[in-house]
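Worksheet: the structure to be examined is printed underneath.
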Amino acid sequence: MSSIKAPRGVRDILPGESWKWEHVFSVTRKVAGDFGYREVHLPVFEHTELFSRGVGETTDVVEKEMYTFEDRSGRSLTLRPELSASMVRSYLENRMDKQHQPAKLWSAGPMFRYERPQKGRYRQFWQIDFEAIGSQDPLLDVESIELSLELFRRLGLSNLEVLVNSVGCPACRPVHRKALQDFLRPRLKELCESCRGRFDRNPLRILDCKNPACQAITEDAPSTISCLCDECAAHFDAVRKGLAMIGASFEVDNRLVRGLDYYTKTAYEVLSGELGAQNAVCGGGRYDNLAESIGGPHTPGMGFAAGVERIVLTMEEQGCSFGEPPRCDIFVVHADDSSLDAAVSALYDIRRAGMAGDMDYTGRTLRARFKTAGASGAAFACVLGPEEIASGKVTLKDLRSGEQQAVGRAELVGFLKTVL
Ligand SMILES: [Zn+2]
Ligand SMILES: [Zn+2]
């Protein structure tokens, strides 16, 4: 019998990697503060309805990818596949509309989608999510885009490129939908099977099909921008002007429609990396009708999400710095059994003074303990044996230079603070 393994498509983030994640989170936290966003922690499961109504019944996420289950009371619950719907749910439920608008919120945590596992893509994956809820100001779209860019700049990602589009609103989207269907109808048979399925239910998604045959057919398809109503067109103009004003370079991409139904007006993606090998590192947009679709009053919002696995992978590929991994400062070594208590006491003095200390717990030989001290990456080994105890001192060995010196036991903590 073999031991139990983790389910397919999930992975453990181990110490060799988790410190890199911590770096991403700490940079994120700082950028969030600089842009006036406050952190929230939301539940990982919600009522299934929140996503079926909020994200959209005909999206791939809701149709094929949700982890939905009944709890013991027979309620249908779903592990969150994304965060925007939960953020808007929380905004409405906690009456954030009564506070200063917009509510600028961010969160990070695991999302769940039943997708085919592949490199950098998991069934439990982490996202960083930023949402500004309660304003339709196009400057908020600009801020959201610039926030994502600033985050990636500070993480050291290179060749950042913004793709932006407008997907319209309930007033102008039916115009585009009809124009698109009229354009595609004569060539319907040539589309891939999924796109033929999308033709009636969600023709917009045909524009972002990755199948080369579908891409060739939609090359000259009517763009969403060509069908925008006056309000959407003015909004898109203002977003482009705002981005130009702050010097953010961007390109309009007519194929950018995003996979979720709730997007209105602005949709965008940020790419990073060498041309031809670019990765999308975040995606977002405006969702002015999401609140209504989950039963709330009309509440505009704008936000983006970025996958943490993807960010870390892209940073590794680009050789970005993650800072320094955490390490032990001082490794305490007892020379023999009679000096163990004195060593343990020194170790706790070191830790209580806010320094990172450790010791060997395997009961091996002195030689082996020194080996562990060396492998720990500690700057110093603090050695205690019968001689040191008798003279009220410790031997401090610099593990890089090999130099040794005696330090009074009473002065140990103060001395270490000056040399670390
Ligand atoms: Zn419109
Ligand atoms: Zn297709």
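All of the numbers you see were taken from the coordinates with simple rules; none came from a lab. Note that this is a predicted model, so its numbers are computed, not measured. Don't worry about glycine lacking a Cβ; one is built from the backbone with ideal geometry, like all the others, and counts go over all protein chains shown.
Counting other C-beta atoms within 10 Å, which of ASP358, ASP261, ASP182 has the fewest, and how do the rest follow? Please list the in-between numbers first.
On the way: ASP358 18, ASP261 23, ASP182 10.
Ascending Cβ contact count within 10 Å gives the list ASP182, ASP358, ASP261.
So what are the radius of gyration and Dmax for the Cα set of the stretch 159-309, in Å?
Every Cα atom of the stretch 159-309 included, Rg and Dmax give 15.8, 46 Å.
Given bins 5 angstrom wide, list per bin the percent of all Cα-Cα distances in the stretch 59-132, short to long.
Cα pair-distance distribution for the stretch 59-132, in percent: 3, 13, 20, 20, 18, 13, 8, 4, 1.
Where the only charges are on Cβ atoms (+1 Lys, Arg; -1 Asp, Glu), what is the dipole of the chain about its Cα centre, to the nearest 20 debye?
700
Looking at the stretch 330-419, what % of its DSSP beta bridges pair antiparallel, to the nearest 5?
55
Output the 0 to 90 degree angle, nearest 10, between the alpha-carbon long axis of helix 308-317 and the longest principal axis computed from the alpha carbons of the chain.
Long axis of 308-317 versus the principal axis of the chain: about 70 degrees.
Using alpha-carbon positions, what is the distance between the centroids of the stretch 232-301 and the stretch 350-420, in Å?
Cα centres, the stretch 232-301 to the stretch 350-420: 56 Å.
What lysines does LYS5 reach when the alpha-carbon gap must be under 28 Å and sequence neighbours fewer than 8 apart in one chain are set aside?
Answer for LYS5, where 28 Å is the Cα cut-off: LYS20, LYS64, LYS119, listed by chain and number.
Return the sequence-ordered ³J(HN,Hα) values of the stretch 85-95 in whole Hz as given by the Karplus equation 6.51 cos²θ - 1.76 cosθ + 1.60 applied to θ = phi - 60°, using x for Gly and Pro.
Computed from phi, the couplings for the stretch 85-95 are 4, 5, 4, 5, 4, 5, 4, 5, 5, 8, 6 Hz.
If you keep only loop residues by DSSP, which GluC sites (Glu not before Pro) in the stretch 347-419 have at most 11 other Cβ atoms within 10 Å of their Cβ?
Those satisfying the criteria are GLU403.
How high is the relative contact order of the chain, in percent, counting Cα pairs under 8 Å that sit 6 or more residues apart?
Across the chain, relative contact order equals 15 percent.
Mind checking the stretch 66-151 for trypsin sites (Lys or Arg not before Pro) that DSSP puts in a loop (not H, G, I, E or B) and that have at most 16 other Cβ atoms within 10 Å?
Counting only loop positions with at most 16 other Cβ atoms within 10 Å, the trypsin sites (Lys or Arg not before Pro) in the stretch 66-151 are ARG72, ARG75, ARG95, LYS119.
Could you give log10 I(q)/I(0) at q = 0.15, 0.24, 0.26 Å⁻¹ for the stretch 136-198, computed by the Debye formula over C-alpha point scatterers of equal weight, without solvent?
-0.75, -0.99, -1.10
Which of the lysines could a cross-linker bridge to LYS178, judged by Cα under 19 Å and excluding same-chain residues fewer than eight apart?
LYS189, LYS265
Run through the stretch 247-279 and list the GluC sites (Glu not before Pro) located in a DSSP loop whose Cβ has at most 12 other Cβ atoms within 10 Å.
Filter output for the stretch 247-279: GLU274.
When we measure straight from the Cα of LYS104, which lysines land under 17 angstrom away, once same-chain ones fewer than 8 places off are left out?
Result set, ordered by chain and number: LYS30.
Hey, what's the Kirkwood Rh for the stretch 330-419 if you take every pair of different alpha carbons, in angstrom?
12.8
Students often check this: by mean Cβ neighbours within 10 Å, which of 136-147, 360-371 ranks highest, and how do the rest follow? Walk me through the intermediate numbers first.
Details: 136-147: 21.8, 360-371: 12.5.
Result, highest mean Cβ count within 10 Å first: 136-147, 360-371.
Please compute the net charge surrounding ALA353, taking Lys and Arg as +1 and Asp and Glu as -1 over other residues with Cβ under 13 Å from its Cβ.
Numbers: positive: ARG351, ARG352, LYS417; negative: ASP329, ASP349, GLU411.
It works out to a net charge of 0.
Could you tell me the distance between the Cα centroids of the stretch 1-27 and the stretch 31-77, to the nearest Å?
When both Cα centres are located, 22 Å separates them.
Please report, in Å, the Rg and the Dmax of the chain, where both are computed over Cα atoms only.
Just the Cα atoms of the chain yield Rg and Dmax of 27.9, 95 Å.
What percent does the relative contact order of the stretch 330-419 come to when contacts are Cα pairs within less than 8 Å and at least six residues apart?
30
Can you give the calculated 222 nm mean residue ellipticity of the chain, where each DSSP H run of n ≥ 4 adds -39,500 (n - 2.57) and the sum is split over every residue, rounded to the nearest 500 deg cm²/dmol?
Using -39500 (n - 2.57) per qualifying helix, the result is -10500 deg cm²/dmol.
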